[in-house]
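Worksheet: the structure to be examined is printed underneath.
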Amino acid sequence: MTKTWWKEAVVYQIYPRSFMDSNGDGVGDLAGIASKADYLAELGVTAVWLSPVYASPNADNGYDISDYRAIMSDFGTMADWEDLLAALHGRGIRLVMDLVVNHTSDEHAWFIESRKSKDGPYADYYIWRNGRGGTCEEAPPNDWGSWFSGSAWKYESGRDQWYLHLFAEKQPDLNWENPKVRGEVYDMMRFWLDKGVDGFRMDVINMISKDPALTVYMNGPRIHDFLQEMNREALAGRDLLTVGETPGVDPALASLYVGEDRRELGMVFQFEHMGVDEGKGGKWDVVPWKLTRLKEILGKWQRELDGRGWNSLYLNNHDQPRMVSRFGNDSPQWRVKSAKMLATMLHTMQGTPYIYQGEELGMTNVRFPKLSDYEDIEIRNWSREQLALGRSEAELLKAVHYRGRDNARTPMHWNAGPNAGFTAGKPWLGMNPNYPEINAERAMADPDSVFHYYKRLIALRKEYPILAYGGRFREWMAESEAVYAYGREFEGSRLLTLLNFSDRDQSLGEMASTLAKRGRLLIGNYADGEGTDPESLRPYEARVYLA
Ligand code: TEU
């Protein structure tokens, strides 16, 4: 496996709307991010992934782009963006931009033209079909549902046809079968690359190839042709981080996207482990998750991609609830310990760890009292649909509190002052009320904080290549619902990670023989390190040994 900077990187994801507001309008912005460049440098991250900052009417907070070459006015100007790039590069931090090319906004100039008639120059830029009913308007072309509730089709009287939108109505899907569309995308990518960006995070990139009969849209028939073409046209010859967001991909499929000889992508964001608490009804049908299942999935990815391709490591992002609330324990007693334990897992597996803003503080889920307190289009569409079906607000709130995307999108906590120091105005989304306790200023002043533990993990990664590259993943106590114990090897050394996912002491008895050769403690989340019984783990304890 070749060595590259992006395999050794630790990426920090910024959701610009919620990171730092410099001008008091309640919305985070680019100048705000630049003002925190020292904070990022202090943490030690080596790359930043910016969620979209392009011109957008914000139906989906920037994931609906109306102009790929302009900056969203809420966030500032192109000059602000250039200043941010310089601020990051000046500190040795690379910048990865979000690339959202499965769809645009319906306010993009291409769509404004496309919706007008069936024969203009942009007529085939999107996916248009006739309806199935007696009149075109009667029934949509097929029964695909949108990820944001309802049909994935919308009727457009201007053309007497329907257009496909896998996400919101205001996010029409581009027609990648049209070579002109592909050319426009590659051209736009070169525009940003020439400005000095270090890579792209590609939104739902495995959905861009739809077969003409519209039977599939994930991992469709021409997906690999398109990505190889994109690589030749825009990426080749540059040293970039590319990560494809790929729901519905298993390790075998992933190795087609990221195989070292495939010339497609550098790594994937796979979703399998995000499904551990999903019942048959999908995302909102929340069921309790089991550690054995999580281990099965993570272990499978560790083993099956090893030596074949690269993976990303994450437990939360702007679409997922806060990891300490979902996989750890966000009670006052265990929040810090369990956040560190989860971080230890993410930073001791093969792959590139992604830190989502606030994760390094152990930020938690939020529980707004009313559905109307939520801004996310997914939550709004789904709850409108479910209320109409007769479900109660209380019942819906329960799922939203657990799984809603706004859990991750409440503004970042900088200090204990008004609005956590995020804005001098009124924040666009409510704050999590626990910011007086959980905030960056406090965490930076406390050597025992989650923040300082992340700093140590990141520093270790820079010092020991085994953290990024170690392979031959093996596990012990696979059947345990509390202990996660695994090892990796690299160039003659061995790394052993022991994690306790429970709030009780756990015996490691069965592993005694392995523990005898465990080496020296590299990091642990209890101050006295090895001070106690080497044959058991304390609540949410994490220890990493190097031999
Ligand atoms: O997400 C696509 C995706 O597959 C999911 O993460 C999805 O948004 C969510 O889980 C719904 O259940 C990407 C972006 O990350 C997301 O923010 C956008 O809303 C979406 O694409 C559309 O651009």
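The values are calculated or read from the model by the stated rules, or taken from the named source; none is laboratory data. Nothing here was measured: the structure is a model prediction, and the numbers come from that model. Cβ coordinates were reconstructed from backbone atoms using ideal geometry, including for glycine residues, and neighbour counts include every protein chain displayed. When the accessible area is computed, the model is the full protein with side chains, heavy atoms only, and any ligands, DNA or RNA have been set aside. Shrake-Rupley method; radii C 1.70, N 1.55, O 1.52, S 1.80 Å.
Of the listed requirements (1) in a loop (DSSP other than H, G, I, E, B); (2) open to solvent by 20 Å² or more (accessible area, probe 1.4 Å); (3) within 16 Å of the ligand (Cβ to nearest atom), residue 247 misses just one: (2). Residue 85 meets the conditions (1) among the aliphatic types (A, V, I, L, M); (2) part of a helix (DSSP H, G or I); (3) over 22 Å from residue 11 (Cβ atoms) in every case but one. The failed one is (3). Mind listing whichever residues of the range 201-223 are open to solvent by 40 Å² or more (accessible area, probe 1.4 Å) and of a type in the set (A, V, I, L, M)? Residues satisfying the conditions are 213, 216, 218.
Between 440, 408, 445, 420, the distinction of being of a type in the set (Gly, Ala, Ser), farther than 30 Å from residue 3 by Cβ and open to solvent by 10 Å² or more (accessible area, probe 1.4 Å) belongs to 445 only.
Being away from the ligand (no atom under 16 Å from the Cβ) and crowded, with 21+ Cβ neighbours inside 10 Å, is that true of even one residue in the range 281-297? Checked the range 281-297: at least one residue is away from the ligand (no atom under 16 Å from the Cβ) and crowded, with 21+ Cβ neighbours inside 10 Å. Residue count for the range 132-159 satisfying the condition of being open to solvent by less than 30 Å² (accessible area, probe 1.4 Å), within 16 Å of the ligand (Cβ to nearest atom) and either among the aliphatic types (A, V, I, L, M) or not in a loop (DSSP other than H, G, I, E, B) (or both): 1.
Does residue 162 qualify as being open to solvent by less than 40 Å² (accessible area, probe 1.4 Å), free of Cβ contacts under 8 Å to residues at least 40 places away in the same chain and outside any loop (DSSP other than H, G, I, E, B)?
yes
Hey, can you tell me all the residues within the range 167-200 that are within 20 Å of residue 123 (Cβ to Cβ) and open to solvent by less than 10 Å² (accessible area, probe 1.4 Å)? Of everything in the range 167-200, those that are within 20 Å of residue 123 (Cβ to Cβ) and open to solvent by less than 10 Å² (accessible area, probe 1.4 Å) turn out to be 171, 172, 173, 174, 176, 181, 185.
Here 356, 435 are screened, and the one residue that is out of contact with any helix residue (DSSP H, G or I) (no Cβ under 6 Å at 6 or more places or on another chain) and buried (at least 22 other Cβ atoms within 10 Å of the Cβ) is 356. Restricting the range 46-81 to residues that are touching a residue at least 60 places away in the same chain (Cβ under 8 Å) and of a type in the set (Asp, Glu), the residue that is nearest to the ligand (Cβ to nearest atom) is 60.
Taking the options 129, 115, name whichever one is more than 16 Å from the ligand (Cβ to nearest atom), open to solvent by 70 Å² or more (accessible area, probe 1.4 Å) and modelled with pLDDT of 95 or more. If you could, list the steps in order and put the result at the bottom.
On the way: 115 fails: open to solvent by 70 Å² or more (accessible area, probe 1.4 Å).
Going through 129, 115 in turn, just one is more than 16 Å from the ligand (Cβ to nearest atom), open to solvent by 70 Å² or more (accessible area, probe 1.4 Å) and modelled with pLDDT of 95 or more: 129.
If you go through the range 2-23 and keep only what is small (Gly, Ala, Ser), open to solvent by less than 30 Å² (accessible area, probe 1.4 Å) and in a loop (DSSP other than H, G, I, E, B), you end up with just 9.
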